[in-house]
Each structure stands twice: as structure tokens, then as C-alpha cells.
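Beneath this line is the structure, given in C-alpha cells, with notes to follow.
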């Protein structure tokens, strides 16, 4: 029992003294929704990945990755919009509205495996006033097979 307690103390100390690299703060966002009165509620978090264009390597496409249950309502349908709390270039934070539907269909990529709790959302908004969320430290490439969710 003493060994387990000692191990717990060591792990607690290491986790409390470890510092994440500063660029990680530029790769994550809080996800929120507004109620009918306009009050914003935080419902989850997500992280950004950028995929560099194969046709024009000066361009990247930005995606938000989150848990699928974060963007589902109580009827297991995708919610219409979310708000991302993002850091601005001026040291403040702002909520940015992200529409999750395009042409009346959810613009969300999900894994074909229904048990996978992951959603990938293309970010189609101008992020110039925010921290560099498309920086190379946030960029990753994935070969996972996904399909567009059609409702």
C-alpha cells in the first residue's frame, strides 16, 4: 500500500510540474453553444489540425477535431452551430460562430465505425484576427478513413 501511495505522489508531482509547450495553447479551443436566451455554455474542447493542399503547398485546410457526442443534441442529431473560444492576436479571447451545416446537411466528418466518438469539422471562417491556428506545430496528416455524415 505504501508503494502505491508513493507512486501516486511521484506521478502527482511530475504532472503538476510539467509544462506544456506554448504552441499547444494555439492548437486547442473551447466549444460552446448558446441557449434560447443567448447565454453561452461550454460543452467541450477540440484541437485543430491543418492539412496542406497537395495542389498548392502555400495553402492549408483547417479542421477542428472533437468528440462526436459534443456536437450531438439529445436526439442524437448534429447541432446547427457551435461557438469556438479562440485567442486573438491581441492577447484576448473571443467566441467565433461556426455553422455546422452546409446546404442543409451537416458539414461534419465522422468515422464509419459508429462506436468511434470522433468528429472532424472543416473550419470555413476567416481566422486572420486570431492566433496562428494553422501553424506547422498544429499540422498533422492522417490516413484514417472517414465519411461525410449526411444526416
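Bear in mind that the values in this text are calculations on the coordinates, not laboratory data. No experiment lies behind these values; they were computed from the predicted model shown. Ideal geometry is used to build each Cβ from the backbone, glycine not excepted, and the neighbour counts take in all protein chains shown.
Details
- Backbone N under 18 Å from the residue 39 label point (7 Å along Cα→Cβ), restricted to region 65-86: 83
- Rough spin-label spacing in nm, given labels placed 7 Å along Cα→Cβ, for residue 30 and residue 88: 1.6
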